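Participant: This structure is in structure tokens; I'll ask about it shortly.
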Amino acid sequence: MENQLTSRQSVTNSSEASYEHRTHSEIMVIITALMLAMLLAALDQTIVATALPRIASDLNGLNKLSWVATAYLLTSAISTPLYGKIGDLYGRKKIFQISIIIFLAGSALCGLSQNMNELVFFRALQGIGAGGLISLVLAIIGDVVPPRQRGRYQGYFGAVFGLASIAGPLLGGFLADAHSILGVSGWRWIFYINLPIGVIALLVIAARLHLPKRIYEHQIDYLGAGLLSLSATALILVSVWAEVTYSWGSWEIISLLVGSAVCAVLFVLNELRAKEPIIPLHLFRGGIFTVSVILSLLSGVALFAAILYIPEYQQIIRGYTPMKSGLLLFPVVIGMFVASIVTGRLITKFGRYRIYPILGSVLTIIGLWLWSGLGLHTSELTLSVWMIILGLGIGMFFQVPILAVQNSVPFKQMGAGTGTVTFARSIGSSFGGAIFGTILITRLNTHLHLLLPQFKGKINASAISSGTGSLSTSLPAPVLHKILQAFDMAFHDMFIYALPIAVITLIFSVMLKEVPLRDSAKAHATTDLLELDTAEQS
């Protein structure tokens, strides 16, 4: 017992030193490298989508087009909680460096792909690295910065996601349209552009990031990892295929949902008896952790609705190109950036965080309600104001769940806690897209049949997801007007249906308990020791 206490005390001292001996400028060097790494992962979710038609055409693989995005989404989501736990066991710096190398290797191989099968496989490899970039970046902030100061720096990372949502479509469209750059097909630079950015981040992390070494006895929960992966894979496939490839009532979708639920139950049963669970279930006994995970899930849904379907509206109703519609999303990013930075600084100044997800939820409700008032001729200025309000709302609660969790869980399990919250956001984004897509298509077909009784067909989600901004202008003007009106009414309904989700977010925000943020690592480590002692004695 004495040896254990000595070992733990060394962890405490190391942790404290790692916080208190860094100046603001030294922290900013590390934060910049972490932001570059996160930008890589966030950007690759959006930059490829715009270029997919050109890529599929060059590689003669239109039938496998959707799998280029799906492979990345699957492996990045599945690996996110695993990286969190492995980082707790083996040290985050080493595992983070490995994830960057995997991501860069996948990027280089994607650029070299000669057919769609190779590209899909290498995108999956790239996604495995991306899961570590997303999860470990947030956990490393917890290693470097005391809880009280974290809000000041985490605000920058909320802005990274917003920046990626704008820069991705613009950069992807530009590179896809370029026939050749330095003798290489333009779309291949979508992947090659990651290499210099990733190398810079890797070098800075290697030279400037010094974390305390913690040696814990460990036993990898391989069965738990497998069950979690199977459950998440089935759920993400549902989000990708529902109403695009198969209807919600088809045996394929029902089988996937049942399989996901069965694997989830088996995962929980396994975690209850595992020595080193991937997701320590005892963390859910704390109200802060449970509510934060739910808030993160809901924030993923809200972000997806704003980032994906507002550009769809611009393309379909206004007939804008993907690049222009992406650029017009800039007010959302401005709102997210301002809210993230200001909220982070206020959290650091006052040490309180609970009020911000409450205010953010209220603003999100207002934003969604405003967007439900869409009309065919709503001005761009009006839409920009609505987008700013929505961006402010999302930005105010986007970072709080992770901050609250890192302030409440034992230091030894901070990676697992952070990974779980990030994983919940990924699942929320994926499943939110499927739910809102289904609502949009269902309401669209309803309105088409009401406005055009002679319309006997049925529009499916693949028509929307492929970009239908080019509605045929050869149609008679009255028919074209009614089609646009049906689309407008469907978007109106979709935002109305999104309101209850925002209200639920507000309810859980009110339920979030607040523990004053600690000013030093010593308090954090001491809390960790007490919780570990309690766990051992029980």
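The values are calculated or read from the model by the stated rules, or taken from the named source; none is laboratory data. From a predicted model like this one, the values you see are computed outputs, not experimental measurements. Because the Cβ atoms are built from the backbone with ideal geometry, glycine has one as well, and the counts that use them run over all protein chains shown.
Participant: Can you go through Ser135, Ser99, Ser107 and tell me which one is more than 30 Å from Gly183 (Cβ to Cβ), at pLDDT 90 or above, hydroxyl-bearing (Ser, Thr, Tyr) and touching a helix residue (DSSP H, G or I) at 6+ places or on another chain (Cβ under 8 Å)?
Facilitator: Values: Ser135 fails: at pLDDT 90 or above; Ser107 fails: more than 30 Å from Gly183 (Cβ to Cβ).
Sole residue among the options that is more than 30 Å from Gly183 (Cβ to Cβ), at pLDDT 90 or above, hydroxyl-bearing (Ser, Thr, Tyr) and touching a helix residue (DSSP H, G or I) at 6+ places or on another chain (Cβ under 8 Å): Ser99.
Participant: Could you identify the single residue in Gly151, Gly172, Gly226 that is modelled with pLDDT under 75 and in a helix (DSSP H, G or I)?
Facilitator: Numbers: Gly172 fails: modelled with pLDDT under 75; Gly226 fails: modelled with pLDDT under 75.
The conditions single out Gly151.
Participant: Against the definition (touching a helix residue (DSSP H, G or I) at 6+ places or on another chain (Cβ under 6 Å) and at pLDDT below 65), how does Ala490 come out, yes or no?
Facilitator: Working: touching a helix residue (DSSP H, G or I) at 6+ places or on another chain (Cβ under 6 Å): yes; at pLDDT below 65: no.
In short, no.
Participant: For segment 313-332, name all the residues that are among the β-branched types (Val, Ile, Thr) and at pLDDT 80 or above. Break it down stepwise before answering.
Facilitator: Residues of segment 313-332 among the β-branched types (Val, Ile, Thr): 316-317, 321, 332.
Residues satisfying the conditions are Ile317, Val332.
Participant: Taking the stated definitions as given, is Lys85 closer than 19 Å to Gly226 by Cα and basic (Lys, Arg)? Give the derivation first.
Facilitator: Numbers: closer than 19 Å to Gly226 by Cα: yes; basic (Lys, Arg): yes.
For Lys85, the condition - closer than 19 Å to Gly226 by Cα and basic (Lys, Arg) - is met.
Participant: Cβ-Cβ below 6 Å, separation at least six or inter-chain, first residue in segment 436-465 and outside the structural domain of Gln315 (by TED's automatic domain parsing) and within 17 Å of Ala498 (Cβ to Cβ), second surrounded by 18 or more Cβ atoms within 10 Å (Cβ to Cβ) and at pLDDT below 80: which pairs?
Facilitator: Every condition considered, no pair remains.
Participant: Is it the case that Gly375 is surrounded by fewer than 20 Cβ atoms within 10 Å (Cβ to Cβ), in contact (Cβ under 8 Å) with a residue 40 or more places away in the chain and assigned by TED's automatic domain parsing to the domain that holds Tyr83? Write out each step before concluding.
Facilitator: Numbers: surrounded by fewer than 20 Cβ atoms within 10 Å (Cβ to Cβ): yes; in contact (Cβ under 8 Å) with a residue 40 or more places away in the chain: yes; assigned by TED's automatic domain parsing to the domain that holds Tyr83: yes.
Yes: the conditions hold for Gly375.
Participant: Which is over 30 Å from Leu170 (Cβ atoms), in contact (Cβ under 8 Å) with a residue 40 or more places away in the chain and part of a helix (DSSP H, G or I), of Leu368, Leu359, Leu346? Spell out the reasoning first.
Facilitator: Working: Leu368 fails: over 30 Å from Leu170 (Cβ atoms); Leu359 fails: in contact (Cβ under 8 Å) with a residue 40 or more places away in the chain.
Exactly one residue qualifies, and that residue is Leu346.
Participant: If you scan segment 11-43, which residues turn out to be buried (at least 21 other Cβ atoms within 10 Å of the Cβ), small (Gly, Ala, Ser) and modelled with pLDDT of 50 or more?
Facilitator: Within segment 11-43, Ala33, Ala37, Ala41, Ala42 meet the criteria.
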